[in-house]
Amino acid sequence: MSKISDKLLAGTSKPTRVPAKLALADGTIWAGYSCGATGEVFGEVCFNTSMTGYLEVATDPSYAGQIVTMTYPQIGNYGVCPDDVQRDHTALRGMVVRDMCYTPSNWRSAESFPAFLARNGVVGIEGIDTRALVRHIRNAGAQMAVLSTETLDDAQLLAKLAAAPAFVGTNYVEQESCDEPHEYTAENVPAGHQFAYGKAPEAKYHVVAYDCGMKDGILENLVRVGCRVTVVPWNTPAEQVLAMHPNGVFLSNGPGDPDAVEGTYSQVEKLLGKVPLFGICLGHQMLSKACGCTIEKLKFGHRGGNQPVMNLRTGRVEITSQNHGFGIVYSSLGELVPEESGGIAQHAEDLRAYAEAHVAPVVCNEKVGRVQLTHINLNDGTPEGIACLDIPAFSVQYHPEAQCGPTDAHYLFAAFVRLMDGRSDYLDIDIAQDRLAGWTFAEQKEAQHA
């Protein structure tokens with residue numbers, strides 16, 4: 001930056017600039033300025049394409065061990081509302097933005113986002129070309145990086161990065177899960193959300209939720225469909241869960257490599273067929289691994305609130321919120337059953353072929369019988385959801401609670417209740433109707449025109 005630009009910035013709300021650098025494992029270096037805590041952190045660099053929801057991203061435990069790049073150009077303009085945090089701490093290592101706003105404007109805002117990052121020890125960098133960085137990650141793939149306000153020498157940064165622990169193979173779930181079982185009921189729902197949501201219904205079912213790094217928004221949505229939730233640590237023995245006599249078991253989202261979370265999927269294997277199961281994100285991978293599925297590392301993953309997913313059972317397309325860098329290999333679950341797969345006998349390399357054929361394929365699995373592919377990602381054809389047809393269990397790869405993101409997939413919480421009701425058509429829900437369930441905006445509009 002020139003002396004003239006420094007002089008111009010001095011007359012704005014921007015603070016005194018502290019240099020910072022981001023170095024990638026492939027040797028690429030990006031220079032910018034600090035916009036959060038100062039320090040030096042290591043993690044896998046990734047990107048999120050959401051236009052809003054930076055606070056939810058910063059407090060989502062699924063980002064443990066990662067440095068997140070926000071693709072939207074200005075971050076922080078509506079500030080921070082404490083009721084919207086997804087956990088009581090931040091899990092991500094660092095935040096990368098094009099331009100950080102220090103003077104937010106929003107009636108719900110309690111502080112600025114850079115102040116929140118600094119207070120929570122999250123190192124941030126602004127002033128770099130995030131579009132170019134995202135293109136680089138898309139081409140080169142997600143990789144380890146170091147973000148620093150302390151070491152500005154390129155050679156020293158890369159040397160430190162080379163000695164940092166790898167992201168793959170590390171169990172981040174252990175550090176993000178709760179320590180002891182606890183209850184979550186309607187009384188725990190933030191009062192600050194009442195301006196938008198109606199009152200939660202009386203609890204109909206008791207659900208035990210494995211906390212693999214769960215977002216509070218998920219618990220809130222379970223409560224809003226009539227569940228009383230007992231949250232348990234990630235490695236709670238299946239026998240202990242069954243002793244609670246739950247109506248269903250929920251498998252939460254969470255960070256990192258699914259293969260490193262043996263303490264969860266080994267317990268899920270013992271629960272198969274004994275109680276209705278619903279998993280999202282990492283929970284989807286835990287259910288799949290319990291069925292013997294292979295997991296693969298995606299080149300750069302899916303992170304953002306605008307991922308198109310098709311429900312192959314209904315043909316409806318949902319715009320979804322996602323945050324994951326690993327995915328399941330559907331073909332590893334077993335051979336196709338042609339008579340239940342539209343006559344198709346061989347697995348498709350690109351799963352979008354099933355969308356074109358209007359087929360939700362079914363495989364024969366050694367452990368649980370028939371497993372149907374229920375959802376696929378329309379951007380790249382990766383699997384996004386499965387349903388076990390011979391036992392009560394289903395899962396999706398994305399985040400249906402919409403923190404942050406659209407509400408198209410909210411119906412999956414209602415589907416879980418229908419599964420606990422014993423209905424075989426639990427996934428066949430009109431999302432156009434369900435996506436507005438529980439919101440008060442329509443009621444307020446009707447009252448204004450009465």
field: Cα long-axis angle, helix 411-421 against the chain (0 to 90 degrees, to the nearest 10)
entry: 30
- request: Select from 134, 18, 362 the residue whose mean-square fluctuation is largest in a Gaussian network model of the chain (Cα-Cα springs shorter than 10 Å).
  value: 18
- prompt: To the nearest µm²/s, what D does Stokes-Einstein give for segment 173-441 at 10 °C and 1.306 mPa s, using the Kirkwood radius over alpha carbon pairs as Rh?
  reply: 87
statement: Which residues qualify? For residue 397, with a placed amide H closer than 5 Å and at least 5 residues away or on another chain, they are 281, 385
- prompt: Please state the relative contact order of segment 173-441 as a whole percent: Cα pairs under 8 Å, 6+ residues apart?
  reply: 18
message: Which one, 374, 300, 243, is farthest towards the positive end of the dipole of segment 173-441 when Lys and Arg carry +1 and Asp and Glu -1 on their Cβ?
response: 374
message: What's the magnitude of the charge dipole for segment 16-162 around its Cα centre, counting Lys and Arg as +1 and Asp and Glu as -1 at the beta-carbon? Answer in Debye, nearest 20.
response: 200
- request: Starting from the amide H of residue 48, placed 1.01 Å from N in the peptide plane, find each other amide H under 5 Å away whose residue is 5 or more places distant or on another chain.
  value: 69, 70, 71
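Take the chain, mark every one of the GluC sites (Glu not before Pro) that falls in a DSSP loop and has at most 15 other Cβ within 10 Å, then report the longest stretch left between them, sites excluded. Don't skip to the answer; put the middle values down first.
Details: sites that count: 150, 202, 349, 366.
Excluding the exposed sites themselves, the longest stretch runs over 1-149.
Using only helices, what value at 222 nm comes out for the chain when you add -39,500 (n - 2.57) per DSSP H run of length 4 or more and divide by the total residues, to the nearest 500 deg cm²/dmol? It would help to have the intermediate numbers written out before the result.
On the way: 14 runs with 106 residues, N = 450.
Mean residue ellipticity, 222 nm, calculated: -6000 deg cm²/dmol.
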- prompt: Quick one: Cα centre-to-centre distance for segment 25-81 and segment 152-215, in angstrom?
  reply: 17
- prompt: Can you tell which of 283, 381, 248 shows the greatest fluctuation in a Gaussian network model of the chain with Cα springs below 10 Å?
  reply: 381
- request: Hey, can you grab everything whose amide H is under 5 Å from the amide H of residue 365? Only 5+ residues off in sequence or another chain; H modelled, so Pro and N-termini drop out.
  value: 370, 371
field: Karplus-derived HN-Hα couplings along segment 313-318 (A = 6.51, B = -1.76, C = 1.60, θ = phi - 60°), whole Hz, x at Gly and Pro
entry: 6, 10, x, 7, 9, 10
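Quick check on my link table: of 3/299; 204/297; 199/270; 204/289; 204/299; 215/367, which ones sit more than 32 Å apart, alpha carbon to alpha carbon? Spell out each step's value before the answer.
Details: 3/299 41 Å; 204/297 38 Å; 199/270 36 Å; 204/289 30 Å; 204/299 42 Å; 215/367 30 Å.
Those over the limit are 3/299; 204/297; 199/270; 204/299.
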- prompt: How much of the DSSP beta bridge set in segment 16-162 is antiparallel, as a percent to the nearest 5?
  reply: 55
- request: Please report, in debye to the nearest 20, how large the charge dipole of segment 183-319 is about its Cα centre when each Lys and Arg carries +1 at its beta carbon and each Asp and Glu carries -1 there.
  value: 460
- request: Give a residue-ordered list of calculated ³J(HN,Hα) values for segment 181-191 (Karplus: 6.51 cos²θ - 1.76 cosθ + 1.60, θ = phi - 60°; whole Hz; x for Gly, Pro).
  value: x, 7, 9, 10, 10, 4, 5, 8, 5, x, 5
Charge tally in the Cβ shell below 12 Å around residue 239, where Lys, Arg are +1 and Asp, Glu are -1, residue 239 excluded: +2
Phi to ³J(HN,Hα) by Karplus 6.51 cos²θ - 1.76 cosθ + 1.60 over segment 352-367, Hz, x for Gly, Pro: 5, 4, 5, 5, 5, 8, 6, 10, 9, x, 10, 10, 9, 9, 4, 8
In segment 386-429, chymotrypsin sites (Phe, Trp or Tyr not before Pro) in a DSSP loop with at most 13 other beta-carbon atoms within 10 Å: none
query: Once you sort the root eigenvalues of the Cα gyration tensor of the chain as a ≥ b ≥ c, which label holds: rounded (a/c under 1.5), prolate (a/b larger than b/c) or oblate (the other case)?
result: prolate
statement: So the angle from the long Cα axis of helix 130-140 to the longest Cα principal axis of the chain, reported in degrees to the nearest 10, equals 50
Over segment 16-162, equivalent-ellipsoid semi-axes from the Cα gyration tensor in Å: 24, 15, 14
- prompt: Kirkwood Rh over Cα pairs of segment 251-332 into Stokes-Einstein at 10 °C, 1.306 mPa s: D in µm²/s?
  reply: 117
task: Find the centroid of the Cα atoms in segment 98-140 and in segment 270-332, then give the distance between the two in whole Å.
output: 29
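Quote the charge dipole size of the chain about the Cα centre in Debye, to the nearest 20; the model charges only the Cβ of Lys and Arg (+1) and of Asp and Glu (-1).
On the way: 34 positive and 52 negative charges, 202 e Å.
The dipole of the chain has a size of about 980 debye.
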- prompt: Which residue, 107, 234, 30, tops the fluctuation ranking in a GNM of the chain built on C-alpha contacts under 10 Å?
  reply: 107
- prompt: Counting pairs of alpha carbon atoms under 8 Å apart in space and at least six apart in sequence, what relative contact order in percent does the chain give?
  reply: 13
task: Would you mind calculating the relative contact order of segment 16-162 from Cα pairs under 8 angstrom and at least 6 residues apart, reporting the percent as a whole number?
output: 36
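Bear in mind that the values in this text are calculations on the coordinates, not laboratory data. It should be emphasised that the depicted structure is a prediction, and the values quoted were computed from it without experimental measurement. Quick reminder, even Gly has a Cβ in these numbers, built from the backbone with ideal geometry, and neighbours come from all protein chains shown.
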